[in-house]
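Here the structure comes first, spelled out in structure tokens, and everything after it is commentary.
The values are calculated or read from the model by the stated rules, or taken from the named source; none is laboratory data. Keep in mind that what you see is a predicted model, and the values were worked out from it rather than measured. When we count neighbours, we look across all protein chains shown, and the Cβ atoms used for this are built from the backbone with ideal geometry, even at glycine.
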Amino acid sequence: QKEVEQDPGPLSVPEGAIVSLNCTYSNSAFQYFMWYRQYSRKGPELLMYTYSSGNKEDGRFTAQVDKSSKYISLFIRDSQPSDSATYLCAMSGNTGRRALTFGSGTRLQVQP
Amino acid sequence: NAGVTQTPKFRILKIGQSMTLQCAQDMNHNYMYWYRQDPGMGLKLIYYSVGAGITDKGEVPNGYNVSRSTTEDFPLRLELAAPSQTSVYFCASSYSLESTQPQHFGDGTRLSIL
């Protein structure tokens, strides 16, 4: 069993839809939760991070962490074709060695 | 505004050949990382460095070597290429080891070993 599970998609939605992307994890030591966006043929770029449980909002993006269920989500409101990319969740347990555990990524396609 | 630069972008190697993947950053970051990304598997950490002259193994270091003689450069060496090393390799750097500090990634080197 992978330490972090993420549905690979592809997830196809019409422009303007609300998108929900999710990851589940098994390691209860994870404290930091991140979402990276990766465009085709490019490196990942950090989109949002959250510490421990709760919600964090940044423009059209909301990250949600439920540690009791070991479940994290990224919501995208008013999705745009430019949001079409692969979204990777990443987690770490402490700030020491900075070892990030990545999910395999969900490919999102927003249709105009 | 270069950030993290990786060369080459693509490479095909024969089994048993060797090569060096180059990585350079111009952000004066002390921390640098090498990952590989396989289809459906996410990114796996190969090696990382916390400063010039200091490197350490990550999750999947076998078959690779690194060196860090300057703050800017962090090359990854494959000595005896094997088909299992076919992957996309990403170099990244960060200001600190704090998880809240973003890792800045290059655009990757796509390596095929035949």
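Some observations on this one:
- Criterion: exposed (fewer than 14 other Cβ atoms within 10 Å of the Cβ), under 24 Å from A:A99 (Cα atoms), polar (S, T, N, Q) and in contact (Cβ under 8 Å) with a residue 12 or more places away in the chain - qualifying residue of A:S68, A:S12: A:S68
- B:V50 more than 11 Å from the chain's Cα centre (by Cα) and not in a loop (DSSP other than H, G, I, E, B): yes
- Taking first residues from the range B:15-40 that are touching a residue at least 24 places away in the same chain (Cβ under 8 Å) and partners that are of a type in the set (S, T, N, Q) and part of a loop (DSSP other than H, G, I, E, B), the Cβ contacts under 7 Å between residues at least 6 apart in sequence or on separate chains come to B:N28/B:T71; B:N30/B:T71; B:Y31/B:S96; B:Y33/B:Q103.
- For B:R36, the stated conditions do not hold, so it cannot be described as assigned to a loop (DSSP other than H, G, I, E, B), surrounded by 12 or more Cβ atoms within 10 Å (Cβ to Cβ) and at pLDDT 95 or above.
- Residue match in the range A:22-30 (condition: without any contact (Cβ under 8 Å) to a residue 24 or more places away in the chain and over 12 Å from the mean Cα position of the chain (by Cα)): no
- Test: B:S87 is closer than 30 Å to A:T50 by Cα, more than 10 Å from chain A (Cβ to nearest Cβ) and at pLDDT 95 or above: yes
- Of all residues making up the range B:56-84, the number that are in contact with a Leu (Cβ under 6 Å, 6 or more places away or on another chain), within 14 Å of chain A (Cβ to nearest Cβ) and in contact (Cβ under 8 Å) with a residue 24 or more places away in the chain: 1
- In the set (1) closer than 18 Å to B:G3 by Cα; (2) surrounded by fewer than 13 Cβ atoms within 10 Å (Cβ to Cβ); (3) in contact with a Leu (Cβ under 9 Å, 6 or more places away or on another chain); (4) not polar (S, T, N, Q), B:G51 fails one condition alone, (3).
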